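Colleague: Sharing a structure below in structure tokens format, with a few things to ask.
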Amino acid sequence: MDPPEPTDPVARGTRLTGSEAVKLHVTLMVVVALCLAAFWFEVRRALGGNELSWAYVFEWPIFAAFAFYMWWITLHQNRRQRRKAAQPKTVAPEHVQMLKNWQEHLRTMAAAESEASSPTSSGNPPPPGAEPAP
């Protein structure tokens, strides 16, 4: 898990508590109250004959729903990521052989690289294009 950023109010992967949670709850209540007031205002205008207000009648509840969504996500930071990290990583059965081949290829490449970087006194010929040792 990554270390918390210096701008984070709390450590990542933890649930907000204390004063941070209270601030979040109060913010949600204010935003929802404003959305409800705007909704009621637009309903009255729409029923009074302002046809454009019908669009806002449906828009303000969507804003309130978005506020609830953001409240929930902020309150439960990284809950899904923690769950994913707790689950063991598995490879689909159809890809097991491909993974084994890739790991063998990486081992071969590492061995070739270490062989190429070792001194030529070990009896190995120099790599192609390399100048012979004096």
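Colleague: Report Rg (one decimal) and Dmax (nearest whole number) for the range 18-86, counting Cα atoms only, units Å.
Modeller: 16.5, 56
Colleague: Could I ask something else about it? If I model a spin label at Glu113 and Phe63 as a point 7 Å from the Cα along the Cα→Cβ vector, what separation in nanometres do I get?
Modeller: Placing both labels 7 Å along Cα→Cβ, they lie 5.5 nm apart.
None of the figures in this text is laboratory data; all of them are computed from the coordinates on show. Being a predicted model, the structure only gives us computed values, none of them experimental. With ideal geometry, Cβ positions are generated from the backbone for all residues, glycine too; neighbour counts draw on all protein chains shown.
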